[in-house]
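Working notes, beginning with the structure itself.
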Amino acid sequence: MQHGPLKIVICGRWQHCSKVIRQPGVCYCAVLSVVRKMSEAKVHVSVEERIIIKFLTKEGCKPSEICSRLKKQYGEKTLSNVSVYKWSSAFKKGRETVENERHERRPRTSITGENSDRVDALIRENRRITVCELSGILNISEGSVKTIIKQHLQYSKVCARWIPRLLTDEHKSTRLQVAQSLLSWYEQEGDIFLILS
């Protein structure tokens, strides 16, 4: 994808194009060829629309006209009128980039090592504790509790109990012993074992 100022190649058919923009020599074909190239490059729809807004703003179109043209092309998926007016104003003031400005996100304050340890301890105390109860005890949001449980502690819920997703060596050996004892019991009792259990 090309970075920097937008360069449009004029199709050369502007005399025959029924959709001449404002200036002679520039037609919709030029805009559509840019959009076609962007769709091949997998550019996000909102960035496509901003490029078109930039182009039409430099052509002298009013924001209201740009809004109506975008709605004809993109339907319900188009940017809001307010967004079109803001972007058009920014391009009139000399902005060149169509991507959003980088900005700092709010740091996460509830997903910490301390809270992860507290959630882990509470779950180990009571495996039937709910996310809502954990949220109330720790005074953090339910979403943060779910993130801690699922992503950080890697627990999953089975039969209304939180269990570790990965078994420890102790769990594996216990599981093996139980399976071997059940197998030996079956070998001794035969089909009666199935009826008894």
Hey, can you tell me all the residues within segment 123-135 that are over 16 Å from Thr109 (Cα atoms) and either of a type in the set (Phe, Trp, Tyr) or in a helix (DSSP H, G or I) (or both)? Ile123, Arg124, Glu125, Val131, Cys132, Glu133, Leu134
Residues that are touching a residue at least 12 places away in the same chain (Cβ under 8 Å), in contact with a Lys or Arg (Cβ under 8 Å, 6 or more places away or on another chain), closer than 15 Å to Val47 by Cα and not in a helix (DSSP H, G or I): does segment 71-78 have at least one? yes
Looking at (1) surrounded by 10 or more Cβ atoms within 10 Å (Cβ to Cβ); (2) at pLDDT 75 or above, can you tell me which one Gln188 breaks? (1)
Extreme residue, surrounded by the most Cβ atoms within 10 Å (Cβ to Cβ), among residues of segment 84-105 that are within 21 Å of the chain's Cα centre (by Cα) and without any contact (Cβ under 8 Å) to a residue 12 or more places away in the chain: Asn100
With the requirement that a residue be more than 30 Å from Lys62 (Cα to Cα), in contact with a helix residue (DSSP H, G or I) (Cβ under 7 Å, 6 or more places away or on another chain) and outside any loop (DSSP other than H, G, I, E, B), what does segment 90-122 give you? Asn115, Ser116, Arg118, Val119, Leu122
Answer yes if at least one residue in segment 140-150 is closer than 30 Å to Arg165 by Cα and touching a Lys or Arg at 6+ places or on another chain (Cβ under 6 Å), and no otherwise. no
Within segment 53-68, which residues are more than 15 Å from Lys86 (Cβ to Cβ) and assigned to a helix (DSSP H, G or I)? Phe55, Lys58, Glu65, Ser68
Return the only residue of Ser89, Ser64, Ser135, Ser68 being assigned by TED's automatic domain parsing to the domain that holds Lys157 and either within 28 Å of Ser156 (Cβ to Cβ) or small (Gly, Ala, Ser) (or both). Ser135
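The values are calculated or read from the model by the stated rules, or taken from the named source; none is laboratory data. Just so we're clear, the structure is a prediction, and the values are computed from it rather than from any experiment. All Cβ positions, glycine included, derive from the backbone under ideal geometry; neighbour counts span all protein chains shown.
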